[in-house]
Each structure stands twice: as structure tokens, then as C-alpha cells.
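Enquirer: Let me begin by handing over the structure; questions about it come next.
Where a number appears in this text, it was derived from the coordinates with a stated rule and is not lab data. Owing to the predicted nature of the structure, the values given are computational and were not obtained by experimental measurement. Because the Cβ atoms are built from the backbone with ideal geometry, glycine has one as well, and the counts that use them run over all protein chains shown.
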């Protein structure tokens, strides 16, 4: 019953996206803007050529896109509270967790769509996979799994904070330093020693290096196990906290 209700709520959120051209444009164009700007503005200076930098940066940009994209989970849930929609759901004979889980499920689909677009354009620009079929499958699985973990983290912000402004500001302050103080855009070895210590333990770096190992080939086991541990931890901890907070607030 709860799974059916979750699917209904996910469908409702996806239909809302399809009926809003601005959301469709944002989730389709924003990742491409990051890709083109970073590759063609910084690529020559960092790697000597845009093609070489494209090979390095695409796996990291997929992780960055997930981190920024899932902030919509927090904003969407908070907006549902502000507009009184949650009060309507509360009067219905449905599991309260289905509202949150439906939002998370829909946003994972949105994340997958954005990832497909950025990879498709990157391949047209010259990106090539060197990790084989297993690497491609693993990269897809990692993108979806990370989307789940990040969505639950952002969902907690959406139900715990009271205003859209605080949700947006908190999400931005959380994602920005983690993504830029990582190996997403440049190798950690190019940074000052004091910053490298943080970068190496930064979960965004772990996700980016795991993605590079899968997409480009090379050692991947250590980073992949660490990434899996982070994803499971994020999902369990913030999934539990989100549903608990939602039930108290609703």
C-alpha cells in the first residue's frame, strides 16, 4: 500500500515538472552550462586542451550536478508545506512517509534525466568511456544511488527548516564548499597541502574519484567502497530523520 502511494506521489511530482516549462529548461540546460563553461573556459589552462580536460572533468561534473540538482528536493518539500498542500495530504488515508518518498523518487528521475543529457553532449564533444561495459553500468548505478542519498539529505533540510529562503541558503552553503573544495574540477595534488587534507576526506572527492575509476578505467575498489558506505549512511540517517521530522511537523 505504501509503495503504491509513493508511486502516486512520484507521478504527481513528475507531472508537475512536465507541466512547468521553466523546470524542464532548468533541469536540461543548467548541467550543459556547467559542462561547456568549465571545459571551454578552464580546460586549456588546467589540462592543456579542452579534450583532455573533458575526459577528466565529466565524471566530477556528474557528481556536482547531483549535489546541486537535489537541492530542488528541499525546496519542493518546503514549498508544499508553505502552500498548505501537506495539510490536504494529512486529511487523506495515506502513509505520511509516502509524500516524502514520492518526492525523493521523482527527483531521482530528474537527476537521471540531467545526467543523460550531460553525458550525451559530452560524448558528442569527444568524451570516451574506457572502463568497459561494467564501468558504464557501475557509473549509472552510482549516479542513481548517490541521487537517493543526496535527496534524503536535502529532504531533511526541506522539512526541518521553516522558510524557502533558509532552505535555499542552507543548501547552497552546504553544497558549494563541498563541491569546489574537492577533486571535481582539478586534481587534489594541485592544491595547497593544508587544503589537500580536507579534499581527500571530502565525500564529494570520494564520489568523483569513484566515478572516474568506473568511466575511465583504473583502480576503483577503495573509492567505490567508501562511496557506498557514504550513500548507505546518508540514506539511513537522513531518511529516518526526514520521515520522523515530517510526521511531527505534519
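Enquirer: Compute the helix-to-body angle for 203-216: its Cα long axis versus the longest principal axis of the chain, expressed 0 to 90° and rounded to tens.
Expert: 60 degrees
Enquirer: If r is the Cβ-Cβ distance from residue 195 to residue 2 and R0 is 41 Å, what FRET efficiency results, to the nearest 0.05?
Expert: 0.35
Enquirer: If you build a Gaussian network model of the chain, linking Cα atoms that sit under 10 Å apart, which residue out of 25, 117, 108 swings the most?
Expert: Per the Cα network of the chain with a 10 Å cutoff, 25 tops the list.
Enquirer: Against the longest alpha carbon principal axis of the chain, how many degrees, from 0 to 90 and to the nearest 10, is the axis of helix 132-160 turned?
Expert: Value to nearest ten degrees: 40.
Enquirer: Gaussian network model of the chain, Cα springs within a sub-10 Å range: biggest mean-square fluctuation belongs to which of 226, 22, 168?
Expert: Of 226, 22, 168, the most mobile in the Gaussian network model is 22.
Enquirer: Working from Cα positions, state the angle (0 to 90°, nearest 10) between the long axis of helix 2-18 and the longest principal axis of the chain.
Expert: Helix 2-18 and the main axis of the chain meet at about 70 degrees.
Enquirer: Between residue 125 and residue 241, take the C-beta separation as r, use R0 = 30 Å, and let me know the FRET efficiency to the nearest 0.05.
Expert: Taking R0 as 30 Å, the efficiency between residue 125 and residue 241 is 0.15.
Enquirer: In the Gaussian network model of the chain, springs joining C-alpha atoms below 10 Å, which of 123, 143, 167 carries the largest mean-square fluctuation?
Expert: 123
Enquirer: Taking 7 Å along the Cα-to-C-beta vector as the label spot, tell me the residue 30-residue 109 distance in nanometres, rounded to one decimal.
Expert: 1.8 nm
Enquirer: Round to the nearest 0.05 the FRET efficiency obtained for residue 134 and residue 232 when R0 = 35 Å and r is the Cβ-Cβ distance.
Expert: 0.95
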